[in-house]
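Please read the structure below before turning to the comments.
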Amino acid sequence: MELWYVQNYLKDFEVGLRVKETLFVGKSRFQEIAVVDTYLYGKVLLLDGIVQLSEKDEFMYHEMLVHPAMVTHPQPKRVFIIGGGDGGAAREVLKHPVEEVVMVDIDEEVIEVCQRFFPDLAPWHDPRLKVIVDDATRYIATASQFDVIIMDSTDPFPRGVAEPLFSPRFFEEVYQHLTESGVFVSQMEPPFFEEERVEKLWSYLRHFPILRLYWGMVPTYPGGVWSYIFASKKEDPVNVERSLPFPTRYYSPKIHQAAFTLPVFLEELFKR
Ligand code: AG3
């Protein structure tokens, strides 16, 4: 019995998954990429030993990363995905009647490995999807404005390829590249373990008039509860109630309401 102890980035906490088979391990210019087949969660993608997605629960993360922003913006036409090389976020965005989705991931090998081992994860051939291999901090300076910007990156800690994305400078660029009703959303670590760090990142986003923390479950991420940050120029997600015209497995108008309802300890922390 091989047990792959997923390091999950917290030095005092691990999540272990029993592995059927290691399908791929390789090193790109930026990180170690691994794909393992597990008994409980199906195929799992790890970057630098940290779980990014599993076949069984990726819908929870991708639906919650994408739909709250997409339903809050009155008419999102152009969407920018930062990272997201596996394509799961793009898949959810493309379920909406958008005109263009630009996805910029720094690591071409992540895209290739995902296309090989998770071929059904994303609609790669959708003509509205434009995949660019570049550093998003560089690319954004050359880009025009977007209605929705979604950050689907690896963790900002420990120091890794995503670190420059979680900076005041980059968040200012994001603000500049949003249209008038523009909405920005990012995965934001588990606040239960990372109170101080999440609070610090929160402070980097204070220039957005609307700033909200929300949460959802993702069993393969440490703690099982993940948080997301919603930041916008004027659209407030809190009282939005819109059904989606396509089936979902996690997101619903009720879940939307529940996600922005925080447990007391978080509500106090993120009062602004
Ligand atoms: N993106 C980041 C998830 C963060 C996982 N972190 C962790 N397990 N410590 C996921 C990529 C899927 N599109």
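The values are calculated or read from the model by the stated rules, or taken from the named source; none is laboratory data. Everything quoted here is computed from the prediction, not taken from an experiment. FYI the Cβ positions are ideal-geometry reconstructions off the backbone, even for glycines, and counts take in every protein chain you see. We work out accessible area using only protein heavy atoms, side chains counted, and drop any ligands, DNA or RNA first. Shrake-Rupley method; radii C 1.70, N 1.55, O 1.52, S 1.80 Å.
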- Message: Regarding the stretch 30-49, can at least one residue be identified that is near the ligand (Cβ under 10 Å from one of its atoms) and β-branched (Val, Ile, Thr)?
- Response: no
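Matching residues to (1) within 26 Å of residue 181 (Cα to Cα); (2) touching a strand residue (DSSP E or B) at 6+ places or on another chain (Cβ under 7 Å); (3) touching a residue at least 24 places away in the same chain (Cβ under 8 Å):
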{"position": "34", "(1), (2), (3)": "no, yes, no"}
{"position": "43", "(1), (2), (3)": "no, yes, yes"}
{"position": "94", "(1), (2), (3)": "yes, yes, yes"}
{"position": "100", "(1), (2), (3)": "yes, yes, yes"}
{"position": "108", "(1), (2), (3)": "no, yes, yes"}
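Would you check if residue 113 is within 16 Å of the ligand (Cβ to nearest atom) and open to solvent by 60 Å² or more (accessible area, probe 1.4 Å)?
no
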- Within the group 246, 265, which residue is surrounded by fewer than 19 Cβ atoms within 10 Å (Cβ to Cβ) and not in a loop (DSSP other than H, G, I, E, B)? 265
- Any pair with Cβ under 7 angstrom, 6 or more apart, that starts in the stretch 237-264 at a residue that is over 18 Å from residue 75 (Cβ atoms) and ends at one that is among the β-branched types (Val, Ile, Thr) and open to solvent by 40 Å² or more (accessible area, probe 1.4 Å): 260/238
- Of the conditions (1) over 22 Å from residue 59 (Cβ atoms); (2) hydrophobic (A, V, I, L, M, F, W, C); (3) in a helix (DSSP H, G or I); (4) open to solvent by 20 Å² or more (accessible area, probe 1.4 Å), the single one that residue 193 does not satisfy is (3)
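Yes/no per residue for (1) open to solvent by 20 Å² or more (accessible area, probe 1.4 Å); (2) more than 16 Å from the ligand (Cβ to nearest atom):
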| residue | (1), (2) |
| --- | --- |
| 179 | yes, yes |
| 205 | no, yes |
| 219 | yes, no |
| 223 | yes, no |
| 228 | no, no |
| 231 | no, yes |
